[in-house]
Amino acid sequence: DAWVQLQNLYMPATAAYRREQNETSCLADTSGTLDDIRLLLPSEVQGILQFDKKLSTYEFKFRVAQAYTTLSDLRGLILTRQHMVNSKKKYASGTAMMTRSNTLIQDLYARIHAQTRKYDDIYSKLQVLRAVVPPTVATLADPFTTLTTNDIAGLKSFDEGAEGHKRLTWIWNVRGVGETKDQAEDTALRVEFCRTRARAHRWEEECLLLAEEMRRVTRFWEWDAARWK
């Protein structure tokens, strides 16, 4: 009730709209939960109701902050999931332990998908609001894009595949990743950097060893040819 009264003050058109919706649907049913109540924010009634355009800007900025937070939570869940998968491969043994590990991992998958759906909803609202907010404000949403299945696969160093094709997906490069206070994310990114650096050094060493091997082969055959003269 408090929200509806406050919204009627700043978005008067929503009062008549709510009455109309309640008369033509079951929204007036008191047995519903709080989640069933439509907030009728600017992103939901854009193009349907008239209201102060500044409210769209306020919601847009809120959605931008919400998107950053959601991506941060999503990264944390992905790292936790990968840690659990690696721990299962290394240490889990026996039916009871395997079952418990699988249950925890499946729970993490469910939470990741929930965060993904949340981000998708936020991103769709940002796209609606982006069309009506000032251009200078709209640029705040530039770091965000559509989330795909590959984006939530995790850090590529944990995946199988060719060494030369390992890279970070865009969610790990969004501004704020390096500024996060989440120690787990910082540690994971440092590990990723160290692994990439180690691969580069290993390739360099292999090139040097190959050159040395070629030199020794040539030197051996020169010696062997001289021995037969």
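The residue pairs whose first member lies in segment 124-148 and is assigned to a loop (DSSP other than H, G, I, E, B), whose second member is modelled with pLDDT under 90 and of a type in the set (Lys, Arg), and whose beta carbons are closer than 6 Å, counting only pairs six or more residues apart or on different chains, are 143/175.
I'd like to know if segment 189-211 contains one or more residues that are closer than 23 Å to residue 110 by Cα and either among the charged types (D, E, K, R) or at pLDDT 85 or above (or both). Taking every residue of segment 189-211 in turn, none turns out to be closer than 23 Å to residue 110 by Cα and either among the charged types (D, E, K, R) or at pLDDT 85 or above (or both). Of all residues in segment 12-43, those satisfying the criterion of being surrounded by 14 or more Cβ atoms within 10 Å (Cβ to Cβ), of a type outside the set (A, V, I, L, M, F, W, C) and at pLDDT 80 or above are 14, 17, 18, 42, 43. Taken over segment 69-107, the criterion of being hydroxyl-bearing (Ser, Thr, Tyr), surrounded by 12 or more Cβ atoms within 10 Å (Cβ to Cβ) and either at pLDDT 80 or above or outside any helix (DSSP H, G or I) (or both) is satisfied by 69, 70, 72, 80, 101. Restricting the first member to segment 96-114 and to residues that are farther than 15 Å from residue 79 by Cα and free of Cβ contacts under 8 Å to residues at least 40 places away in the same chain, and the second to residues that are surrounded by 12 or more Cβ atoms within 10 Å (Cβ to Cβ) and of a type in the set (A, V, I, L, M), the beta-carbon pairs closer than 8 Å and six or more apart or on different chains are 98/92; 101/84; 101/92. Using the structure shown, decide if residue 120 is surrounded by fewer than 18 Cβ atoms within 10 Å (Cβ to Cβ), under 30 Å from residue 46 (Cα atoms) and either without any contact (Cβ under 8 Å) to a residue 40 or more places away in the chain or among the small types (Gly, Ala, Ser) (or both). Considered against the rule, which asks whether it is surrounded by fewer than 18 Cβ atoms within 10 Å (Cβ to Cβ), under 30 Å from residue 46 (Cα atoms) and either without any contact (Cβ under 8 Å) to a residue 40 or more places away in the chain or among the small types (Gly, Ala, Ser) (or both), residue 120 comes out as yes.
The values are calculated or read from the model by the stated rules, or taken from the named source; none is laboratory data. Since the structure is predicted, the reported quantities are computational estimates derived from the model, not experimental observations. Positions of Cβ are generated from backbone atoms using ideal geometry, with glycine treated the same way; all protein chains shown enter the neighbour counts.
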